[in-house]
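Novice: There's a structure below that I have some questions on.
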Amino acid sequence: MALVIVLAVALWYLGRWRGVDTQARWTAIALLYLAVLAVNVALPPNHPLRAMTGGSAGEWLVLGGLAALVWGYKRVLGRVRTSVRPENRPAAAPAPGTAPPGTAGPAYAPGEVERYARHIVLREIGGPGQKRLKQAAVLVVGAGGLGSPALLYLAGAGIGTLGVIDDDAVDATNLQRQVIHADARIGMPKVFSAEQAIRALNPYVHVRPYHRRLTEDIARDLVGDYDLVLDGCDDAATRYVVNAACAAARVPLISGALSQWEGQITTFAPWDGTPCYRCLFPKPAAVGLAPSCAEGGVLGPLPGVVGAMMAVEAVKELVGIGQGLRGRLHVHDALWGEHRTMAIRPDPDCPVCGDAQAAGSASG
Ligand SMILES: [Zn+2]
């Protein structure tokens with residue numbers, strides 16, 4: 001019996017390590033249980049396989065019965081809980097006429113509008129702005145330090161579709177700052193961990209997780225499916241790929257970056273006469289000049305500051321309000337508690353956006 005239990009535990013953790021979801025892991029354990037039960041029923045009592053797996057079908061039946069009872073109890077409890085959640089109460093469905101101005105139409109699920117009440121009362125956002133957020137699709141590159149707060153706040157803000165691309169898995173060293181993940185999800189691919197957190201926060205958001213690296217061959221097509229891209233990845237090569245794809249597809253790119261105590265954020269939209277990433281950084285930094293978080297360290301809350309600012313800029317871009325960060329680089333110095341914003345200029349010889357700039361100025 002001990003052998004079977006060890007096998008079940010091994011299955012569970014192997015599945016978790018490989019990023020298999022909980023339901024599939026339970027199914028695997030249920031299949032193992034059925035196989036053991038079959039062995040103990042079908043084989044003669046002195047058969048070695050039967051001896052290895054407990055020897056008695058009765059004990060396994062008792063164990064299975066107990067497990068079924070616990071499962072059934074949890075299921076009933078879950079049903080009772082969801083049936084009393086406010087969004088599932090029929091009375092909570094917005095009556096005709098209660099939807100805020102500009103939110104008419106099929107975009108909202110019953111009970112969804114009330115969670116955006118604090119946005120809708122903002123003069124600058126209101127019903128029409130919230131509807132724009134609901135209809136928007138935003139791609140977040142990297143579900144790490146910057147992607148964590150950005151994704152959570154975008155989900156909370158009611159962005160209709162959130163794409164997230166990352167090839168990494170959750171590691172213990174991430175949890176000091178990557179607050180979208182959880183200790184229980186160490187080993188799980190970050191995009192699936194982020195998906196769980198987003199669904200838990202706002203089940204009305206449509207999440208598209210891409211568990212892979214953003215490479216040149218897919219970048220243009222992928223970016224073209226979105227209204228806005230947020231880049232919070234920690235890899236210089238990917239930043240160039242994202243920048244080129246966004247410039248070509250004319251999708252605004254909100255770019256955040258971190259070093260130990262300092263964060264930077266800007267918005268790239270080079271067809272607007274403002275620079276792209278390549279204008280600012282024509283070549284990747286020399287090895288050793290820009291240490292990664294793993295090499296140089298980073299203050300845990302700092303990505304929270306910059307990632308939340310990326311979400312702020314995203315909302316402004318999508319709704320079309322305030323002054324964004326196109327043509328401006330905002331720097332936050334956490335150690336000295338200082339902010340500064342500087343103008344940044346396009347490079348007319350930029351291989352990525354030089355043509356777009358020329359076309360932009362020609363068309364006025
Ligand atoms: Zn450029």
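The values are calculated or read from the model by the stated rules, or taken from the named source; none is laboratory data. Here the structure is a predicted model, which is why all the values come from computation and not from measurement. When we count neighbours, we look across all protein chains shown, and the Cβ atoms used for this are built from the backbone with ideal geometry, even at glycine.
Novice: Collect the residues in the stretch 156-173 that are of a type outside the set (S, T, N, Q) and within 12 Å of L139 (Cα to Cα), keeping them in residue-number order.
Specialist: If the condition is that a residue be of a type outside the set (S, T, N, Q) and within 12 Å of L139 (Cα to Cα), then I159, G160, L162, G163, V164, I165, D166 are the ones that fit.
Novice: Give just the number: which of (1) within 28 Å of the chain's Cα centre (by Cα); (2) more than 16 Å from the ligand (Cβ to nearest atom); (3) modelled with pLDDT under 95 does P284 not satisfy?
Specialist: So P284 meets the others, but not (2).
Novice: Continuing with this model, one more query. Pick out the one residue from R328, R278, R345, R340 that is in contact with a Phe, Trp or Tyr (Cβ under 8 Å, 6 or more places away or on another chain) and either at pLDDT 95 or above or under 29 Å from D227 (Cβ atoms) (or both).
Specialist: Testing whether each residue is in contact with a Phe, Trp or Tyr (Cβ under 8 Å, 6 or more places away or on another chain) and either at pLDDT 95 or above or under 29 Å from D227 (Cβ atoms) (or both) leaves just R278.
Novice: Which numbered condition in (1) surrounded by fewer than 20 Cβ atoms within 10 Å (Cβ to Cβ); (2) of a type outside the set (D, E); (3) over 18 Å from A155 (Cβ atoms) is the only one that V223 fails?
Specialist: Of everything listed in (1) surrounded by fewer than 20 Cβ atoms within 10 Å (Cβ to Cβ); (2) of a type outside the set (D, E); (3) over 18 Å from A155 (Cβ atoms), V223 misses just condition (1).
Novice: (1) closer than 14 Å to C350 by Cβ; (2) modelled with pLDDT under 95: which one isn't true of P270, the others all being true?
Specialist: Tallying (1) closer than 14 Å to C350 by Cβ; (2) modelled with pLDDT under 95, P270 fails exactly one: (2).
Novice: Within the stretch 20-40, can one find any residue that is outside any helix (DSSP H, G or I) and at pLDDT below 75?
Specialist: Yes, the stretch 20-40 has at least one match.
Novice: Still on this structure, I have one more. Which residues, taken from the stretch 225-261, are touching a Pro at 6+ places or on another chain (Cβ under 9 Å), more than 16 Å from the ligand (Cβ to nearest atom), of a type in the set (A, V, I, L, M, F, W, C) and part of a strand (DSSP E or B)?
Specialist: L228, L258, listed by residue number.
Novice: Is one or more of the residues making up the stretch 347-362 within 16 Å of the ligand (Cβ to nearest atom) and among the hydroxyl-bearing types (S, T, Y)?
Specialist: Looking through the stretch 347-362, at least one residue is within 16 Å of the ligand (Cβ to nearest atom) and among the hydroxyl-bearing types (S, T, Y).
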